[in-house]
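Engineer: Please find one structure pasted underneath; my questions will follow.
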Amino acid sequence: MAGTNPFQNLQKELNVNGETFHYFDIASFEEFKELPYSIRVLLESAVRNCDNFQVLEKDVRGILSWKATKSVKTDTELEIPFKPARVILQDFTGVPAVVDFAAMRDAVLKLGGDPDKINPICPSDLVIDHSVQVDFARAPDALTKNQDLEFERNKERFTFLKWGAKAFNNMLIIPPGSGIVHQVNLEYLARVVFQDDSKSKDSVKMLYPDSVVGTDSHTTMINGLGVVGWGVGGIEAEAVMLGQAISMLLPEVIGYKLVGKLNPLVTSTDLVLTITKHLRQIGVVGKFVEFFGPGVSELSIADRATISNMCPEYGATVGYFPIDQNALDYLRQTNRADDKVQVIEAYLKATNQLRNFSDASQDPVFTQIVELDLSSVVTSVSGPKRPHDRVSVSEMQKDFRECLINKVGFKGFAVPEAELSTEGSFSWNDGKTYSLRHGSVVIAAITSCTNTSNPSVMLGAGLLAKKAVALGLKVAPYIKTSLSPGSGVVTYYLKESGVVPALEELGFHVVGYGCMTCIGNSGPLDDNIANTIEKNNLVCCGVLSGNRNFEGRIHPNTRANYLASPLLVIAYALAGTVDIDFEKEPIGTSPDGTKVFLRDIWPTRQEIQAVEKEHVIPAMFRDVYAKVEMGSPSWQDLNAPTGKLYPWDDVSTYIKHPPFFEGMTRDLPKLGNIVNARALLNLGDSVTTDHISPAGSIARNSPAARYLSSRGLTPREFNSYGSRRGNDAVMARGTFANIRLVNKLVSGPGPRTLHIPSGEEMDVFDCAERYVKEGTPLIAIVGKDYGSGSSRDWAAKGPYLLGIKAVIAESYERIHRSNLVGMGIVPLQYLDGQNADSVGLTGKELFSIAFPENLKPHDKITVETDTGVKFQVIVRFDTEVDLEYYRNGGILNYMIRKMIS
């Protein structure tokens, strides 16, 4: 039972402008001043929520001991609870969360409890930034057409969410068309310091740091504004919404020192790609990265947010910039009320949490310090298959040509020497014939993922476009170009600064405000282009200002994909190829025959900043966000159901009652061993959630397509997997459906596997279904970094529905391991230095795994096979809470039992 807070004596008063607030004076702890600023946020949460039930006094003492246990690299692991201030959901994972909440209400009612108890306790913001397929790109009315199509395709999902906004308390839903979740979070939702009266008596407001977990791994973008936050799976987010603390290991904190100044010609994108590669080399998975040093003051909040957004790509839990005066100025620039900003500043000063990056005496203790001189950063891209494979633009041509001949891998395509000069031609609707060769750009997208929060690169792209148009340069008409701003504010300042006509002249029309090309919703390429690429086996390219470029993610016909700044996206679109040396070769030719080089049209940082200062103003943010919660007329016209219980429609192919609680009892189930299981898949290293979770378009020959066809839908009506995340029947069929999946049980890449007893090769879902009918439990064998990439709950829900009981991996990405536990799947890990090959596995064995009754976190247990191979694995339940979730059959089942107990 919860008790009195033992740290109540630390509660103090703060008077600002005649108003009285309460706060916990964590600066009074002797250990406080040496704690990293990010750890101070964890400390404050533990102190404020300490009830000796969910959060114990020893947990607070454990965080205070950070210097003793984490200021040097040790094997000491300390489990702590963390209660974030709020949860943010994007609708891709928000829809399943609301579906699960609705189903939990049904389950609670069935088990004799009060369904109305299933409500978010933690403030929860859901942003509908639905992925738009870029069917309309260069049309002047592309935005209107795409949004109309979005509502046509997703009306049922949107109606369901509108029901959720009314049915659940403490949940705010931002309608579609407002922007991508991370930029809306940065510009509008983030509090930086909460001013909350629900935690104190007599309506005295309690002040405490804003912190957040979100259902997208790029939730870390908010770290750039000084808000500690990171991505979790939808499963874990749902538990936080219901008032559960996150159980985590006290992290090491890597101090990343920035010194010097950026070259006037480089961008924040170049900086983040440099940092991403650097930190991947260092190894920061599971750690906090905290930026400090005088160089931080040189970076705008948008620059910092760009760096923080790419945190999942360098592998850290957070990439944190403590709050400084620049952050407070940003709050005012984005139209936050000045009286609230004054309260924020007063609280931060009172608790010694306002940072001055030029004052080295404020530097805390770190586990390790690494340094980057900003002046060393050069213009860069990353690719062709991973976000941390940075290449300087000056080396790009050489690197791409090497990739063509390298053996197949992250940096290779194994193109035979005789085929290096292969070309293919096609006719376009302008009556002209165009040619494609290795390196030809066919997709160029300024996406909403990372960069569109940053006026410097967006206005830079606009200025580059103006200069290019003035010199008569054009982008080839067959290149699929698009611009998807992160919020309406971006469109506002692009228009006000006068760069939109030039962007549109080059084909970069605004096509929407959600996830697009970066998630694989680039839309189809013209058949002439696709056929030319396939017929000639060309390595053609996509260039995008996104986060991720994993193989098979952007488009099936772009085998090479490069992450780049918005300026370089336009530059490579103008060039029409990545096989170019911009220093030596012109980017194009003016109508009068003059050769134009990239340096002739590239704007300086000073030019960009002058335009930004004039046009990015608070009034824009006020105008855009004043009516954001009302939504468009299409949203307002949606007629949503009423009532606390959702009226499920059995014929719906979008929203379906999930099967997770079928057969659930009030009492805990008896845990059993895994006996005579088959390996559904035998996978290698770096299998991402893109490979596991259904994403992108639904292939016409897939099990999901067959299911939808059986329900009377035509291929035109299939929509995307993301849009159907509320239907488990579709999502289970799309699990492991990536065309680039490499399963060692079959000969070629694709969503296929082997039904071992019969020797028949089948689609993964069909094989799993057959095993289930035969009563055969399933496991998956995988390599290193299993589950890296986006924090998708369906990467765990899908395998659960396929019948997978355990995964044996060399290592796991943090969020995915947590999601597996949340669905009741056992994450097992080989001993150091071992893998499937070294222990002698083919993947065709029968596997048996026995669990001791007194199972503890990180216990070693034995896996036995019918071939006589035996080997030990570590049970990757990292905390006692993990074990408790597993015993209950998953985190949601645990919460239901807790609600009715």
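Engineer: For segment 337-365, name all the residues that are within 31 Å of the chain's Cα centre (by Cα) and free of Cβ contacts under 8 Å to residues at least 60 places away in the same chain.
Structural biologist: Result: 337, 341, 345, 354, 356.
Engineer: Select from segment 584-618 the residues that are small (Gly, Ala, Ser) and open to solvent by 30 Å² or more (accessible area, probe 1.4 Å) and write down the one among them that is nearest to residue 152 (Cα to Cα).
Structural biologist: So, considering only residues that are small (Gly, Ala, Ser) and open to solvent by 30 Å² or more (accessible area, probe 1.4 Å), the one nearest to residue 152 (Cα to Cα) is 610.
Engineer: Can you find a residue that is closer than 23 Å to residue 230 by Cα, in contact with a strand residue (DSSP E or B) (Cβ under 6 Å, 6 or more places away or on another chain), among the β-branched types (Val, Ile, Thr) and at pLDDT below 95 anywhere in segment 819-833?
Structural biologist: no
Engineer: Residues that are at pLDDT below 90 and β-branched (Val, Ile, Thr): does segment 283-292 have at least one?
Structural biologist: Within segment 283-292 (the criterion being at pLDDT below 90 and β-branched (Val, Ile, Thr)), the answer is yes, since at least one residue qualifies.
Engineer: Of the residues 466, 411, 432, 398, which is under 18 Å from residue 509 (Cβ atoms), open to solvent by 30 Å² or more (accessible area, probe 1.4 Å) and of a type in the set (Lys, Arg)?
Structural biologist: Answer to the selection: 466.
Engineer: Select from segment 100-112 the residues that are farther than 12 Å from residue 168 by Cα and open to solvent by less than 20 Å² (accessible area, probe 1.4 Å) and list them in ascending order.
Structural biologist: The answer is 100, 103, 104, 107, 108.
Engineer: Additional query: Could you identify the single residue in 831, 883 that is touching a Pro at 6+ places or on another chain (Cβ under 9 Å) and not assigned by the TED database to the domain that holds residue 245?
Structural biologist: Answer to the selection: 883.
Engineer: A follow-up question, please. Restricted to segment 1-29, and to residues that are closer than 28 Å to residue 58 by Cβ and small (Gly, Ala, Ser), which residue is least open to solvent (accessible area, probe 1.4 Å)?
Structural biologist: Going through the qualifying residues, I end up with 27.
Engineer: Between a residue in segment 750-765 that is under 22 Å from residue 797 (Cα atoms) and any residue that is open to solvent by 40 Å² or more (accessible area, probe 1.4 Å) and assigned to a strand (DSSP E or B), which pairs come within a Cβ distance under 7 Å, given they are 6 or more apart or on different chains?
Structural biologist: Listed pairs, sorted by first residue: 752/761; 754/761; 762/752; 763/752; 764/752.
Engineer: Can you report the number of residues in segment 490-545 which are assigned to a loop (DSSP other than H, G, I, E, B), polar (S, T, N, Q) and buried (at least 22 other Cβ atoms within 10 Å of the Cβ)?
Structural biologist: 3
Engineer: Within segment 59-93, track down each residue that is open to solvent by 20 Å² or more (accessible area, probe 1.4 Å), among the aliphatic types (A, V, I, L, M) and out of contact with any Leu (no Cβ under 7 Å at 6 or more places or on another chain).
Structural biologist: Of everything in segment 59-93, those that are open to solvent by 20 Å² or more (accessible area, probe 1.4 Å), among the aliphatic types (A, V, I, L, M) and out of contact with any Leu (no Cβ under 7 Å at 6 or more places or on another chain) turn out to be 68, 72.
Engineer: Going residue by residue through segment 269-289, is there one that turns out to be within 20 Å of residue 187 (Cβ to Cβ), assigned by the TED database to the domain that holds residue 224, open to solvent by less than 10 Å² (accessible area, probe 1.4 Å) and not small (Gly, Ala, Ser)?
Structural biologist: yes
Engineer: Which one of these does residue 788 not meet: (1) over 29 Å from residue 387 (Cβ atoms); (2) open to solvent by 10 Å² or more (accessible area, probe 1.4 Å)?
Structural biologist: All conditions pass for residue 788, except number (1).
Engineer: Is there a residue in segment 272-293 that is closer than 27 Å to residue 353 by Cα, among the small types (Gly, Ala, Ser), touching a residue at least 40 places away in the same chain (Cβ under 8 Å) and assigned to a helix (DSSP H, G or I)?
Structural biologist: The answer is no; no qualifying residue exists.
Engineer: Oh, and also: Could you run through segment 812-831 and say how many residues are under 20 Å from the mean Cα position of the chain (by Cα) and under 19 Å from residue 249 (Cβ atoms)?
Structural biologist: So the answer is 11.
Engineer: Continuing with the same structure: Touching a strand residue (DSSP E or B) at 6+ places or on another chain (Cβ under 7 Å) and open to solvent by 10 Å² or more (accessible area, probe 1.4 Å): which single residue out of 210, 216 fits that description?
Structural biologist: 216
Engineer: Let me ask something else about it. Just to verify a result, which residue in segment 630-689, among those that are closer than 27 Å to residue 151 by Cα and basic (Lys, Arg), is surrounded by the fewest Cβ atoms within 10 Å (Cβ to Cβ)?
Structural biologist: Top of the filtered list is 644.
Engineer: Could you list all residues from segment 795-811 that are open to solvent by 10 Å² or more (accessible area, probe 1.4 Å) and either within 22 Å of residue 766 (Cα to Cα) or under 16 Å from the mean Cα position of the chain (by Cα) (or both)?
Structural biologist: 800, 801, 803, 805
Engineer: Mind listing whichever residues of segment 680-706 are in a helix (DSSP H, G or I) and in contact with a Pro (Cβ under 9 Å, 6 or more places away or on another chain)?
Structural biologist: 692, 703, 704, 705
Engineer: Moving to a separate point now. State which residue is modelled with the lowest pLDDT when the search covers only segment 296-325 and only residues that are among the charged types (D, E, K, R) and closer than 18 Å to residue 565 by Cβ.
Structural biologist: Out of the qualifying residues, it is 313.
Engineer: Quick check on segment 414-428: of everything there that is over 36 Å from the mean Cα position of the chain (by Cα) and free of Cβ contacts under 8 Å to residues at least 12 places away in the same chain, which residue is most open to solvent (accessible area, probe 1.4 Å)?
Structural biologist: Top of the filtered list is 418.
Engineer: Which condition does residue 360 not pass, out of (1) within 30 Å of residue 587 (Cα to Cα); (2) open to solvent by 60 Å² or more (accessible area, probe 1.4 Å), if it passes all the others?
Structural biologist: (1)
Engineer: Scanning segment 822-854 for residues that are small (Gly, Ala, Ser) and surrounded by fewer than 21 Cβ atoms within 10 Å (Cβ to Cβ), which turns out farthest from residue 778 (Cα to Cα)?
Structural biologist: Filtering segment 822-854 for residues that are small (Gly, Ala, Ser) and surrounded by fewer than 21 Cβ atoms within 10 Å (Cβ to Cβ), the one farthest from residue 778 (Cα to Cα) comes out as 833.
Engineer: Going through segment 30-52 one residue at a time, which ones are open to solvent by 40 Å² or more (accessible area, probe 1.4 Å) and either assigned by the TED database to the domain that holds residue 228 or of a type in the set (Lys, Arg) (or both)?
Structural biologist: Correct list: 33 only.
Engineer: Taking segment 496-523 on its own, how many of its residues are of a type in the set (Val, Ile, Thr) and modelled with pLDDT of 95 or more?
Structural biologist: Qualifying residue count, segment 496-523: 2.
Engineer: Residue check: is residue 266 part of a loop (DSSP other than H, G, I, E, B), of a type in the set (Val, Ile, Thr) and either closer than 29 Å to residue 857 by Cα or not assigned by the TED database to the domain that holds residue 120 (or both)?
Structural biologist: Criteria not met by residue 266.
Engineer: Looking at (1) outside any loop (DSSP other than H, G, I, E, B); (2) within 28 Å of residue 274 (Cα to Cα), which one does residue 344 not meet, given that it meets all the others?
Structural biologist: It is condition (2) that residue 344 fails.
Engineer: While we're on this one: Answer yes or no as to whether residue 136 is buried (at least 21 other Cβ atoms within 10 Å of the Cβ) and assigned to a helix (DSSP H, G or I).
Structural biologist: no
The values are calculated or read from the model by the stated rules, or taken from the named source; none is laboratory data. What you are looking at is a predicted structure, and each value in this text was computed from that prediction instead of being measured. Note that each Cβ is placed from the backbone with ideal geometry, even for glycine, and that neighbours are counted across all protein chains shown. For the accessible areas, the whole protein counts, side chains as well, though only heavy atoms, and no ligand, DNA or RNA atoms are used. Shrake-Rupley method; radii C 1.70, N 1.55, O 1.52, S 1.80 Å.
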